[in-house]
Amino acid sequence: MKVLLVGGGAREHAIAMALKRNEDVQLYTLMKIKNPGIIELSEEVSFNPETDVEAVINFAKKVNPVLAVIGPEAPLGVGVANALRELGIPTAGPDKLPAQIETSKEFMRNLFKKYSINGSLSYAAFNEYSEEVFEFIDKMTSEGKEVVVKPVGLTGGKGVKVVGEQLKDNEEAKEYAKEVFDKSIGGGKLIIEEKLVGVEFTLHGFVDGKNIVFMPPVQDHPHAYDDDEGAITGGMGSYSCPNHKLPFLNEEMHEEAKEIMKNTIKAIENEVGEYKGFLYGQFMLTVNGPKIIEYNARFGDPEAMNLLPILKTDFVEVCEAIANGTLDKITIDFDNKATVCKYIVPNGYPIEPVKNKELKIDVDAINNAGATLFYASVNEEDGKLYITGSRSAAVVGVADKIEDAEKIAQNAIENFEGEVFYRRDIGTKKLIQKRINRINELFNK
Ligand code: GLY
């Protein structure tokens, strides 16, 4: 059974491994980088940018797969899923218009407003610079709210800036807002939103257009350094719990988050057509319930590495059900295991990462630690690995208890040699307790 995979990061390595658990799968991958983990699992690789629609189509025509799975958001944003569907290939990954739930922050917020979906917040969208931009920020200041400045289009995770994180205050937010227009960052349109206060978590769903099947919630860690210090990254690591809950998320709030995602897919269908793929809701748990920070039209990275290793159901079957609109006909199960993922990243990441330096990995030691290794943004040249500047590789521990999964991941992550670093504290009792304390503090105020 030939399956086409588009994408070459750690998320796609996790997707590739999950697909290959079905012994009938022959994997054909199109990716830009030379990810050794994915190369090893693939029959053939087409090294091309994932956004090159023509290259994807030519490769798909040559391979003639029975299924295509798209990993990253960028190809979705340029219509790779549309093109594959037009060729008659069942595809897990939304078409360009439904994918706007990620690729256009304006589309997302307007959808929430139009369909009165819970979990909304104060925001304003601006297509060009006018005095109203500063007036809106002043209004938020007068209401005691800090803001988030979001370029509307994709910026590779670097465009969104938050007061209290990358921006000092609402005045600095004004300067950045002006810069977004002046430098045409993310297409030069922007959304200004009220900053949410609480604890973040992510909820993923498999979506077949009409039905959504939820995966266990996961918590990612965006800050670069231990104890949530440093710049916001693509995610330094994440954990999930054996009971498929999170210790700070009560049943009512969890259900509320699911309801928000169910209403979102209905609204997308109504507005631009069916959404078929993986949907990732990044939530902030606030005192007023879960609120959507943003959606991604794909699996989270690192979250895919928590979720896919514990998926008990054949992932091929799940992807086919997504593509064919038959998720209601299958049962999807996850193992009741804890998972901890830790990322190794280049020194200086994410602001000034070192690049093209050799990374040595003691793969045997990682295997002996009982962890799974996922290659991310590394290139293999002449049997050596070189980091690219983005996150390099990740290790995942799976165990009955979270403390054991953390130990496995920690023992494994000590086996990298190079100009790289990682967070020690992800999945530790101390850090998880910090999140619980934060929620208790907010709710008991
Ligand atoms: N967990 C961050 C992301 O996937 O964008």
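The values are calculated or read from the model by the stated rules, or taken from the named source; none is laboratory data. Worth saying up front: this structure is predicted, and the values here are computed from it rather than measured. Because the Cβ atoms are built from the backbone with ideal geometry, glycine has one as well, and the counts that use them run over all protein chains shown.
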Which of the numbered conditions does residue 317 fail, given that it passes all the others? Conditions: (1) modelled with pLDDT of 95 or more; (2) assigned to a loop (DSSP other than H, G, I, E, B). (2)
If the requirement is being within 16 Å of the ligand (Cβ to nearest atom), among the charged types (D, E, K, R) and outside any strand (DSSP E or B), which of these qualifies: 175, 179, 165, 171? 165
Is it true that some residue in segment 127-145 is farther than 20 Å from residue 104 by Cα, at pLDDT below 95, in contact with a strand residue (DSSP E or B) (Cβ under 7 Å, 6 or more places away or on another chain) and not in a helix (DSSP H, G or I)? yes
Going through (1) part of a loop (DSSP other than H, G, I, E, B); (2) within 16 Å of the ligand (Cβ to nearest atom); (3) closer than 26 Å to residue 288 by Cβ one by one, residue 234 fails only at (3)
Here are some residues: 50, 44, 23, 86. Which one is within 16 Å of the ligand (Cβ to nearest atom) and of a type in the set (Asp, Glu)? 50
Under the condition of being β-branched (Val, Ile, Thr) and at pLDDT below 95, which residue from segment 268-310 is nearest to the ligand (Cβ to nearest atom)? 293
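Determine which member of the set 187, 209 is at pLDDT below 95 and of a type outside the set (A, V, I, L, M).
Being at pLDDT below 95 and of a type outside the set (A, V, I, L, M) holds for just one of 187, 209, which is 187.
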Is there any pair with a first residue in segment 216-227 that is part of a loop (DSSP other than H, G, I, E, B) and a second that is within 13 Å of the ligand (Cβ to nearest atom) and at pLDDT below 95 whose Cβ atoms are under 8 Å apart and which are 6 or more apart or on different chains, and what are they? 222/232; 222/233; 222/234
Check segment 20-27 and report whether any residue there is more than 23 Å from residue 341 (Cβ to Cβ), among the hydrophobic types (A, V, I, L, M, F, W, C) and at pLDDT 95 or above. yes
As an exercise: evaluate residue 367 against (1) crowded, with 18+ Cβ neighbours inside 10 Å; (2) over 30 Å from residue 84 (Cα atoms) and give the number of the one condition it does not meet. (1)
Cβ-Cβ under 7 Å pairs, at least 6 apart or on other chains, segment 152-165 side at negative phi, far side away from the ligand (no atom under 15 Å from the Cβ) and of a type in the set (Lys, Arg): 152/189; 162/195; 163/195
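Tell me, yes or no, whether segment 383-401 has at least one residue that is without any contact (Cβ under 8 Å) to a residue 24 or more places away in the chain and out of contact with any Leu (no Cβ under 8 Å at 6 or more places or on another chain).
The answer is yes, given that some residue of segment 383-401 is without any contact (Cβ under 8 Å) to a residue 24 or more places away in the chain and out of contact with any Leu (no Cβ under 8 Å at 6 or more places or on another chain).
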